[in-house]
Amino acid sequence: MRESLPWLRGKIWPLLLGAIAGGAAVLLGGSGLFWGAVTLALAVALITQFITFQEPVLRPAVPTPDDPLGLLPPQTRLLLEQLPMPVMLLDGTQRVLFANQFMRDVLGPGLDRKRVSTVLRNPEVLLAITGAGHGEASNVPFTLPVPVERHFQAYAARVSVTPPVTVLLLHDLTMVRRSEQMRTDFIANASHELRTPLAAVTGFIDTLRGHAKDDEVAREQFLEIMATETARMRRLIQDLLSLTRIEMNEHVPPEARVELDGVVRQAVAGLMPLAAEDGIAMVVDSVPGLPPVLGDHDELVQLFQNLVHNAIKYGRENGKVTVSLGLQDGQLVAAVRDEGEGISPNAIPRLTERFYREDVKRSRERGGTGLGLAIVKHIVNRHQGRLAIESRQGEGSVFTVFLPAAREENGEKPATPEPVTEML
Ligand code: ADP
């Protein structure tokens, strides 16, 4: 056992401090590289503490077939098993002394006593482990390509010289990488969406300055197209700003008591002229005396505007769009139903992705930005609700929003009222 820092011997507080700080680092930002590094460092400190100061805090372990070096008394095993990250201890011949559940989830079961090179075939990580055995701690990124691609930062360090023990810790960066990729894709998509109408407007300005200068008919026609394209850019920017605003507030639950019936009627009324252009009849099928929801009025109006607008855009000409409102198991249920061509089953899970459209041409022709349902999803999340999408090809689609009913002021559960249908 190492004779370092004798004043620490026998004291439990360094272990507790290490554990609390490690846990706090994970909670504060398990996804960030910085906190990842802090967590890794603390975890190594903690493991070293346990191995170095087993006595008299913990009784010394006795060598067993599972623990030939006698390094891992049950308490230490328990601690390593509980660490919220993949951890592995290796002996001087790079055989696995211990691997916790997180490590087994990454590398598979049955790791004990195997050589690390047979279970982890990444040359950089193996080199880092060898270096750590000589006292050079190192940090290397690596990727596991199968079964699903996962990205890690591997940290290898020596925790004991006699007997020789090396620790390997992995910090999972898959989510961080994924969100970086999503951000890059988002910027690329947004720029592409803006570039297309901008190119059209710029092209028409050049034409109007050039050969169409004195052609009154062409001028009117081009100005019309330019107006449509600039309106598209304006809608796109409005949607991008809405999305950012809603995302920023997503973790703050709204507190106002909002009557959903009024919200739905306001959203429908605003879209009546558009529905009339396509000869679409709007029906609100509501239940009087519904309890309110805890919500943000303007966001809820936007949510239903987006759903009803889609039902009009992708609905059947001269058909019907129905919005029904009811109460089910303490939840307000608002369903927007159209009689359009429907959505293919493969597309349904992707509809709320930003800029995802089943038919890009149709969406553009109908003035779509590809962000409407992404906005809906974030508003529903902020209201702790749920969105369900059902569709039958050739028959139509139903977008149903479930929102928890606000408790009555006296704290009681709301009662279920009777339905009423109304043609608008
Ligand atoms: P967009 O601005 O393109 O309408 P949304 O995010 O609102 O963007 O919708 C994404 C895609 O989902 C649409 O492009 C369309 O393909 C599909 N979609 C949405 N609502 C409906 C609906 N009621 N019927 C059929 N398809 C729909």
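The values are calculated or read from the model by the stated rules, or taken from the named source; none is laboratory data. For clarity, every value in this text was computed on a predicted model and none was experimentally measured. Counting neighbours? That spans all protein chains shown, and the Cβs are built from the backbone with ideal geometry, glycine included. To get the accessible areas, we keep the full protein, side chains included, count just its heavy atoms, and leave off ligands, DNA and RNA. Shrake-Rupley method; radii C 1.70, N 1.55, O 1.52, S 1.80 Å.
Overview of values
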{"item": "Scope region 128-163; condition under 24 Å from Asp91 (Cβ atoms), open to solvent by 40 Å² or more (accessible area, probe 1.4 Å) and assigned to a strand (DSSP E or B); matching residues", "result": "Asn139, Tyr155, Arg158"}
{"item": "Lone qualifier among Ala281, Ala275, Ala256 - being surrounded by 18 or more Cβ atoms within 10 Å (Cβ to Cβ) and touching a residue at least 24 places away in the same chain (Cβ under 8 Å)", "result": "Ala275"}
{"item": "Filter result (near the ligand (Cβ under 7 Å from one of its atoms) and either not assigned by TED's automatic domain parsing to the domain that holds Asn310 or not in a helix (DSSP H, G or I) (or both)) within region 367-379", "result": "Gly368, Thr369, Gly370, Leu371"}
{"item": "Members of region 325-341 that are open to solvent by less than 20 Å² (accessible area, probe 1.4 Å) and either within 11 Å of the ligand (Cβ to nearest atom) or touching a His at 6+ places or on another chain (Cβ under 9 Å) (or both)", "result": "Val336, Asp338, Gly340"}
{"item": "Matching residues in region 380-393 - criterion: being away from the ligand (no atom under 11 Å from the Cβ) and of a type in the set (A, V, I, L, M, F, W, C)", "result": "Val380, Leu387, Ala388"}
{"item": "For Phe355: the one exception among (1) within 25 Å of the chain's Cα centre (by Cα); (2) hydrophobic (A, V, I, L, M, F, W, C); (3) at negative phi", "result": "(3)"}
{"item": "Tabulated pairs, region 366-378, first in contact (Cβ under 8 Å) with a residue 24 or more places away in the chain, second within 7 Å of the ligand (Cβ to nearest atom) and open to solvent by less than 10 Å² (accessible area, probe 1.4 Å), C-beta under 7 angstrom, 6+ apart or interchain", "result": "Gly370/Ser363"}
{"item": "Set Leu97, Leu89: member being buried (at least 20 other Cβ atoms within 10 Å of the Cβ), touching a Phe, Trp or Tyr at 6+ places or on another chain (Cβ under 6 Å) and outside any helix (DSSP H, G or I)", "result": "Leu89"}
{"item": "Where Val293 falls short, out of the listed (1) more than 15 Å from the ligand (Cβ to nearest atom); (2) at pLDDT 95 or above; (3) open to solvent by 10 Å² or more (accessible area, probe 1.4 Å)", "result": "(3)"}
{"item": "Among the candidates Thr322, Thr352, residue that is of a type in the set (Ser, Thr, Tyr), part of a loop (DSSP other than H, G, I, E, B) and either at pLDDT 95 or above or more than 13 Å from the ligand (Cβ to nearest atom) (or both)", "result": "Thr352"}
{"item": "Flag for Arg357 being surrounded by fewer than 21 Cβ atoms within 10 Å (Cβ to Cβ), closer than 18 Å to Ile375 by Cβ and of a type outside the set (Ser, Thr, Tyr)", "result": "yes"}
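Yes or no, residue by residue, for (1) in a strand (DSSP E or B); (2) not basic (Lys, Arg):
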| site | (1), (2) |
| --- | --- |
| Leu274 | no, yes |
| Asp285 | yes, yes |
| Arg316 | no, no |
| Ala335 | yes, yes |
